[in-house]
């Protein structure tokens, strides 16, 4: 019958496993090498004192919850977000990340009051097709923080 074992394989013979066709380097995902190897590295660290009150630019991303120590890869296309990040790159490299809330099928304007400070480690500006600029960033979550109040500045940044 078609379900019988092939004649070369007898009941009780050790099972032979096929060799994997592809070897996979498990360290690759953490490197985020798809962002490219030509990102400009930034130096210097900003560590905020516990229980201090700071004013920092805020980026709100729907569905993103960053834990201190995690790498945050970003590919940004929104001109105002790119402008804010360029400003941050040329200052202390630090911004706050908070999660936008998801309600059913709609993202709301409500945001969490707990976030993570993020330090930009490297970046690259690119001009894409049709002259659309975008910014590639590799950043790292640093410290948890609580949002006490927000205000939108005239340049559109939320702090």
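The values are calculated or read from the model by the stated rules, or taken from the named source; none is laboratory data. None of these values were measured; they are calculated from a predicted model. Positions of Cβ are backbone-derived with ideal geometry, glycine not excepted, and every protein chain shown enters the neighbour counts.
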Problem set entry | Filter pass, residue 146 being within 18 Å of residue 39 (Cβ to Cβ), touching a strand residue (DSSP E or B) at 6+ places or on another chain (Cβ under 7 Å) and at pLDDT below 95 | no
For this session: Could you tell me whether any residue of the range 64-77 is under 21 Å from residue 112 (Cα atoms), touching a strand residue (DSSP E or B) at 6+ places or on another chain (Cβ under 7 Å), at pLDDT below 90 and assigned to a strand (DSSP E or B)?
Result: no
